[in-house]
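The values are calculated or read from the model by the stated rules, or taken from the named source; none is laboratory data. None of the values given here were measured: they were computed from a predicted structure. No Cβ is skipped: glycine too gets one built from the backbone with ideal geometry, and neighbour counts run over all protein chains shown. All accessible areas refer to the heavy atoms of the entire protein, side chains included, with ligands and DNA or RNA removed. Shrake-Rupley method; radii C 1.70, N 1.55, O 1.52, S 1.80 Å.
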Amino acid sequence: MTKITAADGTPAAPFCFGTMQFGAGSTESQSQQVFEACRAAGINFFDSAWVYTNGASETILGELAKSEREKLILTSKGGYTGSASRENLTAQLDESLTRLQTDYIDIYFMHRFDDDVPLQETFDALTSFQQAGKIRQIGVSNYAAWQVMKAQGVAAQSGTRIDVIQPMYSLVKRQAEVELFPMCLSEGIAVTPYSPLGGGLLTGKYNRAEQATGRLSTDDRYAARYAPAQMHETAGALAQMAADQGVDPATLAVAFVAANPAVTAPIISARTVEQLRPSLAALTLPLSSEAYSTISALSPKPAPATDRLEEG
Ligand SMILES: NC(=O)c1ccc[n+]([C@@H]2O[C@H](COP(=O)([O-])OP(=O)(O)OC[C@H]3O[C@@H](n4cnc5c(N)ncnc54)[C@H](OP(=O)(O)O)[C@@H]3O)[C@@H](O)[C@H]2O)c1
């Protein structure tokens, strides 16, 4: 299995923190408080992207991280807007490095699969960034399993490899269990999944109040992503289970993602320290296999990747 470490050799913490809200949902001072709470909890792994909050995410993270850069693992992503062409990736990576006030990014992700640019061009560019010391490891996000394996073949021809993937994954978004996770266990690829709370749905707040404030009520993309009634039923059942156990539903939701054997580190997130606490609490809540199965039973498992499994 690919190891994720900081440049000074420190291993990655069991959770990564995602900074997609820095400079928008979180003010600069809230971002700093959240960053410091993560550091106090031992988190040394922070996710960002060129496209987040018009650059504020990387700029704020760079300022917070610069005094202990070599102990930290910073990620960024390119090619979400524009394309995965060498020209666009070069420009976005150079801008990310400037904003992050660093010479290197620890893991650089392709933010999405780009049908319009040959993989050879993308992976030749990534290899040259790696050889120049601008990026340490290569990752891909939002790729289907066949796209990862196709890209891995091209990466090998370019003299490099995909070390990490970043898919969406939570109790209400389980598609990654079908192909991506078995692929990563088989190929030794690390997995840092995003949205373990389903964008906030699994905190249970949308079950408690119709007018709950949060991303699902303000962002149409998230409202559509988590619209199915079944997902809201799962969130309600998780909230009830958590209440029975005297824990926060967010703690159970993050612990469920972290407990999957394919998962290296879930990317947790929160706009404030108060929101962050229940996700951090999952660091010290290892789930027994019985507890894991009980949570897992709250949502449908996706259909398997191949037929005829019932024949034994
Ligand atoms: N590669 C990609 O395409 C991609 C896509 C998305 C995210 N990501 C990465 O993954 C990270 C995490 O994703 P995510 O933000 O979607 O994760 P998430 O954990 O599913 O959702 C976090 C959001 O849930 C709400 N929340 C968290 N704790 C709460 C609490 N205790 N009480 C009430 N509400 C709470 C907050 O939003 P509200 O207060 O607004 O409800 C918070 O911003 C991002 O920062 C980013 O780094 C990557």
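Test of understanding: what is the full-extension gain from residue 66 to residue 150, defined as 0.36 nm times their sequence separation minus their Cα-Cα distance? Write out the running numbers ahead of the final one.
Values: separation 84, 0.36 × 84 = 30.24 nm, distance 3.61 nm.
Length gained between residue 66 and residue 150: 26.6 nm.
Hey, got the dipole for the chain? About the Cα centre, +1 on K and R Cβ, -1 on D and E Cβ, debye to the nearest 20? Write out the running numbers ahead of the final one.
Details: 24 positive and 33 negative charges, 66 e Å.
In total the dipole reaches around 320 debye.
With labels modelled as points extended 7 Å from the Cα through the Cβ direction, what inter-label distance (nm, one decimal) is found for residue 36 paired with residue 227?
Spacing of the two 7 Å Cα→Cβ label points: 4.2 nm.
Using label points projected 7 Å from each Cα along Cα→Cβ, tell me how many nm separate residue 185 and residue 296, to one decimal.
It is 0.9 nm.
Quick check: at a probe of 1.4 Å, how many percent of the accessible area of the chain sits on carbon and sulfur atoms?
Working: 6930 of 13660 Å².
Here it works out to 51 percent.
With a 1.4 Å probe and all protein chains left in place, how much accessible area per residue does the chain have, in Å²?
Details: 13660 Å² over 312 residues.
That works out to 44 Å² per residue.
Which loop-located GluC sites (Glu not before Pro) does region 247-312 contain, where loop means any DSSP state but H, G, I, E or B and the Cβ has at most 13 other Cβ atoms within 10 Å? Before the final figure, lay out each step's value.
Working: sites: 274, 290, 310, 311; in loops: none.
Passing both the DSSP loop test and the Cβ count: no residue.
Given the rule -39500 (n - 2.57) for each run of at least 4 DSSP H residues, summed and divided by the residues of the chain, what is its mean residue ellipticity at 222 nm, to the nearest 500 deg cm²/dmol? Don't jump to the answer; show the numbers that get you there.
Working: 13 runs with 131 residues, N = 312.
Per the formula, -12500 deg cm²/dmol.
Report the calculated FRET efficiency for residue 98 and residue 244 (r = Cβ-Cβ distance, R0 = 41 Å), to the nearest 0.05. Intermediate results must be reported in sequence, preceding the final value.
Working: r = 50 Å, r/R0 = 1.22.
It comes out at approximately 0.25.
Select from 293, 158, 57 the residue whose mean-square fluctuation is largest in a Gaussian network model of the chain (Cα-Cα springs shorter than 10 Å).
In the Gaussian network model the winner is 293.
Give me the distance in nm between label points sitting 7 Å out from Cα along the Cα-to-Cβ direction at residue 311 and residue 209, one decimal.
Going from the residue 311 label point to the residue 209 one covers 5.5 nm.
Could you give the length gained on full extension between residue 5 and residue 157, defined as 0.36 nm per residue of separation minus the Cα-Cα distance, in nm?
Details: separation 152, 0.36 × 152 = 54.72 nm, distance 2.50 nm.
Gain on stretching residue 5 to residue 157: 52.2 nm.
Which of 250, 259, 40 moves most in a GNM of the chain, Cα contacts under 10 Å?
Its mean-square fluctuation being the largest, the pick is 40.
Quick one: the Cα spread of region 16-166 along its three principal axes, in angstroms, biggest first?
For region 16-166, the Cα spread along each principal axis is 43, 27, 26 Å.
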